[in-house]
Amino acid sequence: MRTRVPVDLTGAAQTMLTTLYLKALDADFDRPVLGDRFAKDAAHLIDYDWHEIGITGRWAPLVTVRTAQYDIWTRQFLAVHQHATVLHIGCGLDSRVFRIDPDPRVQWYDIDYPAVVALRKKVFPPRPSYHLIAASATSPSWLHEIPADRPVLLLAEGVSMYLKQHEGVALLRRVVDRFPSGELQIDFFNWLGIRSQKAQTLVRRSGSTLHWAVNDPQDILRSVPGVRLLAAVTFFEASTFPRAPAGFRSMRTLLRTAPPVRKALQYHRYAFGPIQSPALSSPVEF
Ligand SMILES: C[S@@+](CC[C@H](N)C(=O)[O-])C[C@H]1O[C@@H](n2cnc3c(N)ncnc32)[C@H](O)[C@@H]1O
């Protein structure tokens, strides 16, 4: 049996314990949304009192619906671009690279703060064409180290809200400027998601602060030249939402009348450069 790994994180870095925990709980459900056995194994390996998280498995779909949606979009991108580079920022302890198990021709970079990367190295094994970068995603220097000769997929799940708007916009612009073509797959909170941060257990307990609100894809189209929208859905309209239990699904009907609540969690997907993109429709009127 492997020795359990102690953990001592604060602030934004700590929030990834909650997303890991909810994915691990989901893996044990009769009808999981994500079914991530790697998350379950990782949570077992970490020496942490998970009750401290203060959230029950009932809320797991808030994370797993999003993760499952980005897994689908990642697979779609990699099905077309077998020689791609993936930049997965704010990876936390997410096991996407193991769930997707990309072709070794794909160069996959997981990027997070040094304390998170150090923990990740103790929890997950290395694999071919897989790289870890211990840095803030907003620092311009790490991007210079990455060869820019292939299409890129920038994946940022559950991270944008921890960045200041000017930092997030600068990061997206840097990626678009550096690579010949690619996609940006990134989720956002709208103004209500940011303003209600004190009511969010994950944020309050970690002592982190949320900054960047995006209300509409137009916010990104206006501030990041060269990108075009492929898809934008809310939590409730994600293609993976129907996998959530009936209790969650009934909320959708309830919230139809309150657009700011319905649009609090948004999953966006953009392309740039001469790239082959799947024909997608955006079911949400933003
Ligand atoms: C809510 S967790 C999400 C983790 C993972 N993406 C998931 O969905 O399970 C937020 C993650 O973003 C990371 N993060 C926040 N700000 C960051 C930054 N400036 N640079 C790198 N990582 C950052 C945190 O360390 C944490 O791992």
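The values are calculated or read from the model by the stated rules, or taken from the named source; none is laboratory data. Values in this document were obtained by computation on a predicted structure and should not be read as measured data. All Cβ positions, glycine included, derive from the backbone under ideal geometry; neighbour counts span all protein chains shown. These area figures cover heavy atoms from the full protein model, side chains too; ligands, DNA and RNA do not enter into them. Shrake-Rupley method; radii C 1.70, N 1.55, O 1.52, S 1.80 Å.
Would you point out which residue out of Leu34, Leu62 is outside any helix (DSSP H, G or I), within 12 Å of the ligand (Cβ to nearest atom), within 18 Å of Arg249 (Cα to Cα) and open to solvent by 10 Å² or more (accessible area, probe 1.4 Å)?
Leu34
Test each condition in (1) within 15 Å of the ligand (Cβ to nearest atom); (2) open to solvent by less than 10 Å² (accessible area, probe 1.4 Å); (3) part of a helix (DSSP H, G or I) for Gly92 and report the one that comes out false.
Condition not satisfied by Gly92: (3).
What do you reckon, is Asp26 touching a residue at least 12 places away in the same chain (Cβ under 8 Å), under 17 Å from Phe241 (Cα atoms), in contact with a Pro (Cβ under 6 Å, 6 or more places away or on another chain) and within 13 Å of the ligand (Cβ to nearest atom)?
Yes: the conditions hold for Asp26.
Picking from Leu119, Leu78, which residue would you name as being open to solvent by less than 50 Å² (accessible area, probe 1.4 Å), more than 16 Å from the ligand (Cβ to nearest atom) and assigned to a helix (DSSP H, G or I)?
Of the residues listed, the single one that is open to solvent by less than 50 Å² (accessible area, probe 1.4 Å), more than 16 Å from the ligand (Cβ to nearest atom) and assigned to a helix (DSSP H, G or I) is Leu78.
Please identify the pairs in which a residue from the range 192-210 that is at pLDDT 80 or above has its Cβ atom under 6 Å from the Cβ atom of a residue that is within 11 Å of the ligand (Cβ to nearest atom) and open to solvent by 30 Å² or more (accessible area, probe 1.4 Å), counting only partners at least 6 apart or on another chain.
Taking only residues 6 or more apart or on different chains, the pairs are Ser208/Ala12.
Regarding the range 259-281, can at least one residue be identified that is part of a loop (DSSP other than H, G, I, E, B) and free of Cβ contacts under 8 Å to residues at least 24 places away in the same chain?
The initial filter retains those residues of the range 259-281 that are part of a loop (DSSP other than H, G, I, E, B), namely 263-264, 273-281.
Checking the rest, the ones that are also free of Cβ contacts under 8 Å to residues at least 24 places away in the same chain come to 279.
Within the range 259-281, one or more residues are part of a loop (DSSP other than H, G, I, E, B) and free of Cβ contacts under 8 Å to residues at least 24 places away in the same chain.
Just the residues that are of a type in the set (S, T, N, Q) and either more than 23 Å from Asn215 (Cα to Cα) or in contact with a Cys (Cβ under 8 Å, 6 or more places away or on another chain) (or both), please, taken from the range 243-263.
Ser250 - this is the single residue of the range 243-263 that is of a type in the set (S, T, N, Q) and either more than 23 Å from Asn215 (Cα to Cα) or in contact with a Cys (Cβ under 8 Å, 6 or more places away or on another chain) (or both).
Restricting to the range 124-139, what's the tally of residues that are within 15 Å of the ligand (Cβ to nearest atom) and part of a loop (DSSP other than H, G, I, E, B)?
6
Out of all the residues in the range 40-91, which are touching a residue at least 24 places away in the same chain (Cβ under 8 Å), closer than 19 Å to Tyr270 by Cβ and hydrophobic (A, V, I, L, M, F, W, C)?
Ile72, Trp73, Phe77, Leu78, Val80, Ala84, Val86, Leu87, Ile89
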